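Participant: I am attaching a structure below and will ask some questions about it afterwards.
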Amino acid sequence: MSTKMPSMCQISANLGPNFAIENQSLQNQTQSIGLPKNIKAACCRFSPNIPMKKLLFSLSILCAALLISNQSRAQANTQSITPGYQTAVGLKFGGYENGVSIKYFANTSVSLEGELGFRSHGVVFTGLYEFNQEAFGVPELKFYYGAGAHIGGEGAGVYQTIGGNEETYNSAHILLGVDGVLGLEYIIPKSPIAVSVDLNPRAELASGPYFDLAPAIGLKYTF
């Protein structure tokens, strides 16, 4: 038994008025320019203009929604791991020198710290490269560690290390060596104040060599 298949033009008429009108418009255009029958039949098969517009519009909405969602998620993640401040200035009291310090976060985990310290016989500048991370699950408490170097000058006199050894200098000399740091910093909630306590290992090379280890306490204003 043979079954007569409906033409594509009849199917388009059943799909809805918009689809049928579009096909009728294409048929009229092909007749007006005198196209061959086989091309007319091909044009009569379907017109994708309306479905394609709807598809492109839907894809645009979907892409916009995905971009907004990803941006919101990235902002939320960034806010959850920020250090609490970007720059801090303050005072530092240590076993080597007492002075001023400045700390700057290059990103959420890496900071640069500079210290200008004064001692009875001289002055020393120390620069440190530090890594920071949350400690004990407390967002305001940060564990930090790092390394750096120092350079300075000292006059004649006696320098006593933390271990009790005395280093005697008969004339002015240069201080140059490497430093480390290991400590904790706490940002007081709802305030711009941060306090820190750390250990500072130091190896003096230019006037030594000798090794020393000293504690330090810091008080900073954050912004």
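Participant: Could you calculate the contour length gain from A149 to I61, that is, 0.36 nm times the residue separation minus the distance between their Cα atoms, to one decimal place in nm? Write down the numbers at each step before the final one.
Facilitator: Values: separation 88, 0.36 × 88 = 31.68 nm, distance 5.45 nm.
Length gained, A149 through I61: 26.2 nm.
Participant: For Q86, enumerate residues with amide H under 5 Å from its amide H, sequence gap 5+ or separate chain, H modeled in the peptide plane.
Facilitator: Placed amide hydrogens put F223 under 5 Å from Q86.
Participant: Let me ask you something else. Pairs of Cα atoms under 8 Å, at least six residues apart: use those to get the relative contact order of region 103-204, whole percent.
Facilitator: 21
Participant: Sort 188-196, 111-119 for me by packing, meaning the mean count of neighbouring Cβ atoms within 10 Å per residue, highest on top.
Facilitator: Numbers: 188-196: 13.3, 111-119: 18.6.
Ranking, from highest mean packing down: 111-119, 188-196.
Participant: Further, regarding this structure: Whole-Hz ³J(HN,Hα) for each residue in region 104-115, computed from phi via Karplus 6.51 cos²θ - 1.76 cosθ + 1.60 with θ = phi - 60°, x for glycine and proline: what do you get?
Facilitator: 10, 8, 6, 8, 5, 10, 10, 10, 10, 10, x, 10
Participant: Can you compute the modelled spin-label distance between Y169 and V123, with each label point 7 Å from Cα toward Cβ, in nm?
Facilitator: 1.5
Participant: Something else about it: What ³J(HN,Hα) values, in whole Hz, does the Karplus curve 6.51 cos²θ - 1.76 cosθ + 1.60 give for region 197-207 when θ = phi - 60°, with x put for Gly and Pro?
Facilitator: Here the 3J(HN,Hα) series is 9, 8, 10, 10, x, 9, 10, 8, 9, 5, 10 Hz.
Participant: Which three numbers, in whole Å and largest first, are the semi-axes of the equivalent ellipsoid of region 87-222 derived from its Cα gyration tensor as √(5λ)? Don't jump to the answer; show the numbers that get you there.
Facilitator: Numbers: eigenvalues 169, 37, 33 Å².
Sorted largest first and rounded, they come to 29, 14, 13 Å.
Participant: Determine, for each peptide in 84-91, 133-140, the mean count of other beta carbons within 10 angstrom over its residues, then list the peptides with the highest first. Write out the running numbers ahead of the final one.
Facilitator: Details: 84-91: 16.2, 133-140: 11.5.
Ranked by mean Cβ neighbours within 10 Å, highest first: 84-91, 133-140.
Participant: May I ask you to compute the full-extension gain from L182 to Q86, defined as 0.36 nm times their residue separation minus their alpha-carbon distance, rounded to one decimal in nm? Before the final figure, lay out the partial values.
Facilitator: On the way: separation 96, 0.36 × 96 = 34.56 nm, distance 1.97 nm.
Once the chain is fully extended between L182 and Q86, it gains 32.6 nm.
Participant: In whole Hz and in residue order, list the ³J(HN,Hα) couplings for region 131-139 that follow from phi through the Karplus curve 6.51 cos²θ - 1.76 cosθ + 1.60, θ = phi - 60°; x for Gly and Pro.
Facilitator: In residue order, the calculated couplings are 10, 10, 7, 5, 10, 6, x, 9, x Hz.
Every number here is computed from the coordinates shown, using simple stated rules; none is lab data. Everything numeric in this text was worked out from a predicted model, so none of it was measured. Virtual Cβ from ideal backbone geometry, glycine too; neighbours counted across all protein chains shown.
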